[in-house]
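Participant: Below is a structure I'd like to ask you about.
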Amino acid sequence: MSKLTLLHINIIGVVVALMVGAGLYFTIITGAMKTKADAQAALDEVQGRADKLPTATRALEKAQKDKAVAEAEWSVFERQYMPVIGYTDNTLTTWMKVFLPNKGRSWPERFIRTVRGHMERERKANGIVWENPGAIVLPAYGPDPNTIQVGAANEGFGPVLHYAYQMSVRARSIEKLMQHIRSWSSLSQAGVPVVDGLQVAGNSPNLSATYNVTFTIIVRDKTPAPVTRISGSGGGTGGMGGGMGGPMGGMGMMPGMAGGPGMMPGMAGGPGRGGPQAGSSMGMSAPPGMMGGSSSGGGMTTGGGGSAMMAAE
């Protein structure tokens, strides 16, 4: 083997330098270039968002103002249309205080009185004759306070309740009739009324009309908690009698109120003549343990083999 000359050494050095340079290029330089490109892309994205910031800020400010206006408008409508039903913290006391007859303060009494009052004003203002006042009724609430349907079926205590009725009226002219239809929007504390299905027959001054009115209530009260110690069941003839009697409604009296003055609603005659048991009012039974007699041991139970509705101690 011949000795390496200076030329050989120089050639080897150049080759090694080229190899090292190529390695550096593909490992360090290209990686740095990729990192720079990624950073530039990220910068461009951030810059794009930054350019949109003034527009987004103005949109946010507008949305906040729109929200404030909507909340203020809703507050006005809520005070006009949405009643405070008066739920308590549990279903038992809610049932007793809000759904049983309570000298005009229960929710069924208040709702019916509100609608009747509106129709009475319409009689005076537009000469409207309400032909089916008995249509405005509310369902019987019971016998289990935990399963009360305050509005339509399966709505429970809310948060949204509906009441729908078909109305039948007479009016002297089409103008008076249309004024009556529009008047529903002025009704307060019964939900938002919507009228549809108007049908008119006859001629002035004896027009007949039917229509549907639906009240929608967004409940403002907090839903009461169920009382797990209470259970309701039907059967038997004593106690709750398996239910709450008939619905609340009618014109000036409640359903089944066929007796004379001084009788309890639902009594077709005096005591012992087929009327309801003591403690019944407005077609509804009194709460368990309030049907006469006293209970002991802190529990509430009904006698006579009636509804098995009790609160365990």
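Each reported figure results from applying straightforward, stated rules to the coordinates on display, with no laboratory input. Note that the structure is predicted; figures quoted are calculated from it, not measured. With ideal geometry, Cβ positions are generated from the backbone for all residues, glycine too; neighbour counts draw on all protein chains shown.
Participant: Taking all pairs of different Cα atoms in segment 91-218, averaging 1/r and flipping that mean, what Kirkwood radius in angstroms comes out? Numbers along the way, then the final one.
Facilitator: Numbers: mean 1/r = 0.0635 Å⁻¹.
After inverting the mean inverse Cα-Cα distance, the result is 15.7 Å.
Participant: For segment 1-106, what is one quarter of the convex hull surface built on the Cα atoms, given in nm²?
Facilitator: The orientation-averaged projected area of the Cα hull of segment 1-106 comes to 18.7 nm².
Participant: When only DSSP loop residues count, what trypsin sites (Lys or Arg not before Pro) in segment 1-74 have their Cβ near at most 10 other Cβ atoms within 10 Å?
Facilitator: Values: sites: Lys3, Lys34, Lys36, Arg49, Lys52, Arg58, Lys62, Lys65, Lys67; in loops: Lys3.
Counting only loop positions with at most 10 other Cβ atoms within 10 Å, the trypsin sites (Lys or Arg not before Pro) in segment 1-74 are Lys3.
Participant: What are the lysines whose alpha-carbon lies under 29 Å from the alpha-carbon of Lys97, with same-chain residues fewer than 8 places away excluded?
Facilitator: Lys222
Participant: Further question on the same structure: How about segment 77-134: which trypsin sites (Lys or Arg not before Pro) there lie in a loop by DSSP and see at most 15 other Cβ atoms within 10 Å?
Facilitator: Lys103, Arg105
Participant: Continuing with the same structure: Would you mind calculating the relative contact order of segment 91-218 from Cα pairs under 8 angstrom and at least 6 residues apart, reporting the percent as a whole number?
Facilitator: Relative contact order here is 23 percent.
Participant: Around Phe77, what is the net charge, scoring Lys/Arg as +1 and Asp/Glu as -1 over all other residues with Cβ under 15 Å from its Cβ? Don't skip to the end; give the middle numbers.
Facilitator: Working: positive: Arg79, Arg220; negative: Glu71, Glu73, Glu78.
The answer is -1.
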